[in-house]
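Undergrad: First the structure, then my questions, so here it is.
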Ligand code: HEM
């Protein structure tokens, strides 16, 4: 046999045991034919009609099979209550290690550096930072994105549609940069300026326009190279081979060097400002880095520690900052793009959303970002929840068993990689075999008893789980019901999404501003496909809009 010994009793593809690359070839073919990777894991569970299967993927482990779990209740139990047995997978460290080896995303939760970094960066999740800094920064970006689309639609006289994934990506990157670093990255500005120049439209016809390329600030291409490397390493047959290739060709080294120079300069400026003020005053509340430096300063002066090698060392800070820039823009860009697609294809939902926003903000001007953040907006929250449910932006979490443990009645050895399919058959294929209670972990059973609730998705009987219907998240009294459908789009527990609060506030502000400034008419079939490609997230391949400016509120 060419792959590790299977775990007894857990289904697997028999042929894969006799193939040098195990299941990787079929996964590769699936990816080549469909652009998907994440859904392949769900398909294997459906094929074996089991929520627990094993696959052989040498790039995840050459010594253990990879166990795939697609059962939401058990996944939630593992990520929230079994952190002593299961932690972040080594593969994540290999993948992210290529661009940010000291970033927490790849570290085990018990690592000292993980704890130190998190202690510093947790400041960005404080209610004060979210309301005073993050909301303001994303508000500025949302308005600028709307200005860009207004200009674009004026140029095409509101008669042609255009793709927006790229605009979304640069807007979310501008936003997360501003929130973290405080300065302008200038990507939306560059696009706005390009529209002032001749030949703003490269080509048009068939109901759509393609705008000319823009020369972007240097950091954009540096980050683009790092993301390309990360994408290849994550999806490639052998992460080590790609790491070697990118290292020997110098592609990675050049981008990494420039990235270090840029980010370390930002760190140095923030540190200098805090030191000049002896760290005592809340001087730099305009960005995360300022907050982190202030916290670092006070921790270090209390403990009289040197600030050079720990979490506050520049290398560690640079990697963590890069991690947040990467995880904090592509995820939200994909999710907001999916939301726009769903809303464009469901005019009745779009108009109900707009009406609810007008009711909440009856004045003729646009509400401020803070108003959008602090006002109860049930239907907007429902649209966001429904988008997250259906878009499957980050449908998989990677873990690894630290010790031998039981999963759904099977003994899984220590060191086994786990692929947790949060957005898989357990909530969109109700015909998966029922899991008897006795097979579940003790903590899962106890929680179930305590909650006394049905934890599987409960959709109204008349409504298909595949339909985009935000109303399923609205209670009879009109309030938002966050638990209407059991789902984990951000995973959960100590290693769930660090940026969940930021993502939700960003989606709220962006969608409210865009919906109050534009109508997005339904487009012809060729412009509304639902194809997707998987990279760091599941991204739509076709996301056209044809924004029509709404008069008085613009
Ligand atoms: C709609 C947008 C987003 C979605 C759907 C999403 C989803 C996820 C998921 C599924 C994970 C894996 C969790 C696990 O392994 O259990 C994750 C991790 C993470 N996310 Fe997000 N995310 C989003 C936005 C953001 C934003 C805006 C940030 C940063 C500001 C961020 C930062 C992170 C970080 C740092 C991790 C690693 C956490 C750790 O290792 O402890 N995410 N995210």
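Undergrad: First check a/c for segment 202-280, with a ≥ b ≥ c the square roots of the eigenvalues of its C-alpha gyration tensor; if it is under 1.5, answer rounded, and if not, answer prolate when a/b is larger than b/c or oblate otherwise. It would help to have the intermediate numbers written out before the result.
TA: Numbers: a/c = 3.02, a/b = 1.31, b/c = 2.30.
Because a/c hits 1.5 or more and a/b fails to exceed b/c, segment 202-280 counts as oblate.
Undergrad: Sum -39500 (n - 2.57) across every DSSP H segment of at least 4 residues in the chain, then divide by the residue count to get the 222 nm mean residue ellipticity, nearest 500. Don't jump to the answer; show the numbers that get you there.
TA: Numbers: 19 runs with 265 residues, N = 554.
Result for the chain: -15500 deg cm²/dmol, rounded to the nearest 500.
Undergrad: If we sort 32-40, 247-255, 326-334 on the protection proxy, mean other Cβ atoms within 10 Å, highest first, what's the order? Write out the running numbers ahead of the final one.
TA: Details: 32-40: 16.4, 247-255: 13.9, 326-334: 24.2.
Listed from highest to lowest mean packing, they are 326-334, 32-40, 247-255.
Undergrad: At R0 = 25 Å, how high is the FRET efficiency between residue 199 and residue 528 if r is their beta carbon distance? Nearest 0.05 is fine. Spell out each step's value before the answer.
TA: On the way: r = 28 Å, r/R0 = 1.11.
The computed FRET efficiency comes out at 0.35.
Undergrad: I would also like to ask the following. Rounded, prolate or oblate: which one fits segment 124-189, using the alpha carbon gyration tensor with axes a ≥ b ≥ c (rounded when a/c is under 1.5, else prolate when a/b beats b/c, else oblate)? Before the final figure, lay out each step's value.
TA: Values: a/c = 2.95, a/b = 2.52, b/c = 1.17.
Taking the square roots of the gyration eigenvalues as a ≥ b ≥ c, segment 124-189 is prolate.
Undergrad: Run the numbers for residue 244 and residue 213: contour at 0.36 nm per residue of separation, minus the present Cα-Cα distance, in nm. Write out the running numbers ahead of the final one.
TA: Numbers: separation 31, 0.36 × 31 = 11.16 nm, distance 3.19 nm.
Answer, rounded to one decimal: 8.0 nm.
Undergrad: Taking 0.36 nm per intervening residue step and subtracting the Cα-Cα distance, what contour gain separates residue 450 from residue 254 on full extension?
TA: Details: separation 196, 0.36 × 196 = 70.56 nm, distance 5.48 nm.
Full-extension gain reported as 65.1 nm.
Undergrad: Same structure, new question: Is the chain best put as rounded, prolate or oblate by its Cα gyration tensor, with a ≥ b ≥ c the root eigenvalues, rounded for a/c under 1.5, and otherwise prolate when a/b is larger than b/c, oblate when not? Could you put the intermediate results ahead of the total?
TA: Details: a/c = 1.43, a/b = 1.16, b/c = 1.23.
Rounded, because the longest to shortest axis ratio a/c is under 1.5.
Undergrad: Rank by packing, highest mean first: peptides 83-93, 356-366, with packing defined as the count of other Cβ atoms within 10 Å averaged across residues. Mind showing how you got there, number by number?
TA: Details: 83-93: 19.5, 356-366: 14.2.
The packing order, highest mean first, is 83-93, 356-366.
Undergrad: Taking 60 Å as R0, compute the FRET efficiency from the Cβ-Cβ separation of residue 442 and residue 19 and round it to 0.05.
TA: Numbers: r = 38 Å, r/R0 = 0.63.
For residue 442 and residue 19, the calculated efficiency is 0.95.
Undergrad: Looking at the chain, send over the antiparallel percent of its DSSP beta bridges, to the nearest 5.
TA: Roughly 85 percent of the beta bridges in the chain run antiparallel, per DSSP.
Undergrad: What's the extension gain from residue 479 to residue 406 if we count 0.36 nm per residue and subtract their Cα-Cα distance? Walk me through the intermediate numbers first.
TA: Working: separation 73, 0.36 × 73 = 26.28 nm, distance 3.96 nm.
Result for the pair: 22.3 nm of gain on full extension.
Undergrad: OK, next. If you count, for each residue, the other Cβ atoms within 10 Å and average over each peptide, how do 193-205, 148-160 line up from highest to lowest? Present the calculation step by step, with values, prior to reporting the outcome.
TA: Values: 193-205: 11.6, 148-160: 16.7.
Result, highest mean first: 148-160, 193-205.
Read-outs throughout are calculated quantities, based only on the coordinates presented, and are distinct from any laboratory measurement. Quick caveat, the model's predicted, so the values are computed rather than measured. Cβ sites come from the backbone with ideal geometry, for glycine too, and all protein chains shown count toward neighbours.
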